[in-house]
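Undergrad: One structure is given below, represented as structure tokens, and several questions about it will come after.
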Amino acid sequence: SSQKPESTLLRPDETLWVMRPTGGGAVLHGHDVTVGMAMPLTGSVRHAYRAVARPLIRALNAVGVPAVLAEDTRVEHGGLHLPDCFASISRNDIVDPASRLKRCGCALRRTRDAVLVQASIPAGEPLLDAAEVIAGGVPVRGPAIDPRAFRDALEEAIARLLEEDLVHSDR
């Protein structure tokens, strides 16, 4: 990531922070469900995002959080790259189809053979207002999500997708 704490955080000397190997925008953790996934890179980076988004979307829907890819909605998604991950929406983000709120931010790091993805899903009331920590930060309150139920739904969604891929590859 090209972000530097000195230009991203309002008080970098007073804020505990870590740089994710995936890069991406700044994210406040503590009220979110964070997911990390690694997989072989087959096809384009866009294909990799879709492969990761599918089980995340299925799992969110399974725990009662409506979710779709932003590119499948009328959500405005410009080329803005703001310091706060949740301050803008890209076509790869997962959003609520009715409210158009970002439900999941993803960052991806690609090597020659694989991708590493980190996803953050706001799940409840934030511990801090992002505007007090991140330059241009926006308050993000997510729907209450039971982390164990989400984990189980995500495991099921990944297993279903693996089965579907096996069926398609056998044809």
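The values are calculated or read from the model by the stated rules, or taken from the named source; none is laboratory data. What you are looking at is a predicted structure, and each value in this text was computed from that prediction instead of being measured. Every residue, glycine as well, gets a Cβ built from its backbone with ideal geometry; the counts of neighbours run over all protein chains shown. These area figures cover heavy atoms from the full protein model, side chains too; ligands, DNA and RNA do not enter into them. Shrake-Rupley method; radii C 1.70, N 1.55, O 1.52, S 1.80 Å.
Undergrad: If only one of 117, 52, 65 is open to solvent by less than 20 Å² (accessible area, probe 1.4 Å) and in a loop (DSSP other than H, G, I, E, B), which one is it?
TA: Going through 117, 52, 65 in turn, just one is open to solvent by less than 20 Å² (accessible area, probe 1.4 Å) and in a loop (DSSP other than H, G, I, E, B): 65.
Undergrad: Now for a separate question. Somewhere in the stretch 1-19, is a residue modelled with pLDDT under 85, within 14 Å of residue 117 (Cα to Cα) and out of contact with any Asp or Glu (no Cβ under 6 Å at 6 or more places or on another chain)?
TA: yes
Undergrad: Can you spot a residue in the stretch 123-134 that is of a type outside the set (Asp, Glu) and part of a helix (DSSP H, G or I)?
TA: yes
Undergrad: Would you point out the residue of the stretch 90-130, among those that are touching a residue at least 24 places away in the same chain (Cβ under 8 Å) and among the acidic types (Asp, Glu), that is farthest from residue 73 (Cα to Cα)?
TA: 113
Undergrad: Go over the candidates 42, 34 one by one and state the one that is within 26 Å of residue 18 (Cβ to Cβ) and either among the acidic types (Asp, Glu) or surrounded by fewer than 21 Cβ atoms within 10 Å (Cβ to Cβ) (or both).
TA: Step by step, each of 42, 34 is checked, and only 34 is within 26 Å of residue 18 (Cβ to Cβ) and either among the acidic types (Asp, Glu) or surrounded by fewer than 21 Cβ atoms within 10 Å (Cβ to Cβ) (or both).
Undergrad: All but one of (1) within 12 Å of the chain's Cα centre (by Cα); (2) acidic (Asp, Glu); (3) open to solvent by 40 Å² or more (accessible area, probe 1.4 Å) hold for residue 146, so report the exception by its number.
TA: (1)
Undergrad: Could you please find all residues in the stretch 6-49 being within 20 Å of residue 130 (Cα to Cα), touching a strand residue (DSSP E or B) at 6+ places or on another chain (Cβ under 9 Å) and not in a strand (DSSP E or B)?
TA: Matches in the stretch 6-49: 8, 10, 15, 17, 20, 23, 24, 25, 27, 28, 29, 31.
Undergrad: Tell me, yes or no, whether the stretch 101-108 has at least one residue that is of a type in the set (D, E, K, R) and in contact with an Asp or Glu (Cβ under 9 Å, 6 or more places away or on another chain).
TA: For the stretch 101-108, residues of a type in the set (D, E, K, R) and in contact with an Asp or Glu (Cβ under 9 Å, 6 or more places away or on another chain): present.
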